[in-house]
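Just below is one structure, and these are the notes that go with it.
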Amino acid sequence: MNFELTISPINEIESALELIIVANKNFKHHFVQDKKLLKKVGFLGEQDETCLLVEKDRLYVGVDAINGANVRTAVATAVRGISGTQYKSLKVASYMNNAKCTAVLRAMVEGFILGAYSFDTYKSTKSKRTLKEIIISLEEYHGYELDMEKCAISLNNGQITAEATNFTRDIVNTTPDDCYPAVMAEIAETLAKNNGLTCKVLKPKELKKEKMETLLAVARASRHTPRVIHLSHKPEHPKAIVTLVGKGLTYDSGGLSLKPSDYMVTMKSDKSGGSAVLGIMKAVSEMNLPIEVHGFIGAVENMIGGDAYKPDDVLVAKNGKTIEIRNTDAEGRLVLADVLCYAQQEVQADYIFDFATLTGASVVGVGHYTSSIMGNADLPKDAIITASKSAGEFATKLDFNRYLKKSLKSEIADICNISNTRYGGAITAGQFLEEFIDKEHKEKWAHIDIAGPAFVEHIWGENPHGASGAGVRMMLRFLEKLTKEKK
Ligand code: BES
Ligand code: ZN
Ligand code: ZN
């Protein structure tokens, strides 16, 4: 998909189709030329409602009000609505509501790319990507002092962000036997080669040397051996150092605490955290952000077998803490424990974030569309929530507390891998991870449980059926904002 910015008025642009956004149900705006026709077909201009007037070559879509989130979703829905048609080019006005702020323009670009996404790797007939050319007119700005350069940057960053999100979606949607730990490592290596990142991959021998025994225990019953991946983006004068850690369970059968069949389907998505880290690293390098970013991924498959790790085992994590295993399905936290320790050993960061499809409890608590943000200090958590708002992702804080922490106590080891209560499972998982964060990093760390939004089996807004790429857009906004802060 190609984008072109022009100052030409919309009427002077040649294109196969025109997209018109109807805001606030205002049919009086001069862009809305087909008022009568729209009324005839019952188009009300509600948020995400679309109407294609084929004979006019005009596509209408409604938004409640002009803002980034609404426009992103509406544009994505509109683009999805014309898949299968033969329109090759489309023109649209910028709809920017502020001469200085290019947020709506960026959201629009993201909407086009995110909405046009489809995953057809396993379909015999591939969907045709007919729509190739998007021309955005900055006409609304006549009379304003228009900063074309700023618009071009927004367009570029929007493209990079959305393409990185689609990159993550593709990895997550890939089946567990096509995307196992060694494949995730290959994806990382290829990305590093193409984008000028450094990449280090640890195989079982090195993992043993690094004493990542809990990660190795989870991996043991799988025919696919585990990998720990370390990607880094190192600009010359970085404004900050950020570490990202991703849960990359290429399949989570539950292990010996086997998941019931209905719960096992979709568990190829348990690599969403790691896949998000890959997408973020791709975008960070393409934007060439002046931030040093390290991405660590624990790529493991959790299976059953004669050599599987068991409930009743006691494992020793990399930092020496002993863990009583009471449920092998709480494997993500075991993998993350070791990778978090390793990441802190390797890099002294200003911020540490982990992304994980960690608990069903997060989905129960906040629903399918929202990520749960946890940690010890308000700063990184609040910054993530602010960033997710401008990125068009939903995120909410879940507070830790000392009473829930007690539920992780073990009679025989330092800690248990599950809590002794049925309630507060997202928080207790987060508080388990806290045990593996060094003292000096306690306030720098936030845990992002993406179990809800990472993989949803229906279309929602700009997201397709399946993988959404959750975490990618929110983290990129956070990092971009960080570049604007004084150190
Ligand atoms: N990968 C799952 C969590 C999950 C559930 C992600 C649903 C996405 C959708 C995780 O490894 C898991 O199985 N967690 C258990 C923990 C429990 C045994 C304490 C869970 O949430 O049930
Ligand atoms: Zn599990
Ligand atoms: Zn899992």
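Quick note: the coordinates plus some simple rules give every number you see, no bench work behind them. Source: prediction; values computed, not measured. Cβ atoms come from the backbone with ideal geometry, glycine included; neighbour counts cover every protein chain shown.
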I'd like to compare 84-90, 217-223: which one has the highest average count of other Cβ atoms within 10 Å, and what's the full order after that?
217-223, 84-90
Find how many whole Å separate the alpha carbon centroid of segment 270-312 from the alpha carbon centroid of segment 219-254.
3 Å
For every other residue with a beta carbon closer than 14 angstrom to the beta carbon of Ala116, add +1 if it is Lys or Arg and -1 if Asp or Glu, then tell me the sum.
+2
Can you tell me the equivalent ellipsoid semi-axes for segment 439-487? Use √(5λ) from the Cα gyration tensor, largest first, whole Å.
28, 16, 5
Highest mean packing first, using Cβ neighbours within 10 angstrom, the peptides 195-208, 349-362 sort as 349-362, 195-208
Normalised by the number of residues in the chain, what is the relative contact order in percent for Cα pairs under 8 Å and 6+ residues apart?
15 percent
Sites Lys442 and Lys310, calculated FRET efficiency, Cβ-Cβ separation with R0 45 Å, nearest 0.05
0.90
Computed about the Cα centre, the charge dipole of segment 111-247 from +1 Lys/Arg and -1 Asp/Glu charges at the Cβ has a magnitude in debye, to the nearest 20, of 1060 debye
I'd like the orientation of helix 378-391 relative to the chain: the angle between its Cα long axis and the longest Cα principal axis, in ° from 0 to 90, rounded to 10.
30 degrees
Suppose only helical runs count, i.e. DSSP H with n ≥ 4. What mean residue ellipticity at 222 nm does that imply for the chain under -39500 (n - 2.57) per run, divided by all residues and rounded to the nearest 500 deg cm²/dmol?
-10500 deg cm²/dmol
For the chain, what are Rg and Dmax over the alpha carbons, in angstrom?
23.5, 76
In degrees, nearest 10, range 0 to 90: what is the angle between the Cα axis of helix 103-115 and the longest Cα principal axis of the chain?
70 degrees
Could you give the nm distance between label points at Thr198 and His29, where each point is 7 Å from its Cα heading toward the beta carbon?
5.0 nm
How many angstrom lie between the Cα centre of segment 36-74 and the Cα centre of segment 394-440?
47 Å
Can you tally the net charge around Ile437? Count Lys and Arg as +1, Asp and Glu as -1, for every other residue whose Cβ sits under 15 Å from the Cβ of Ile437.
-2
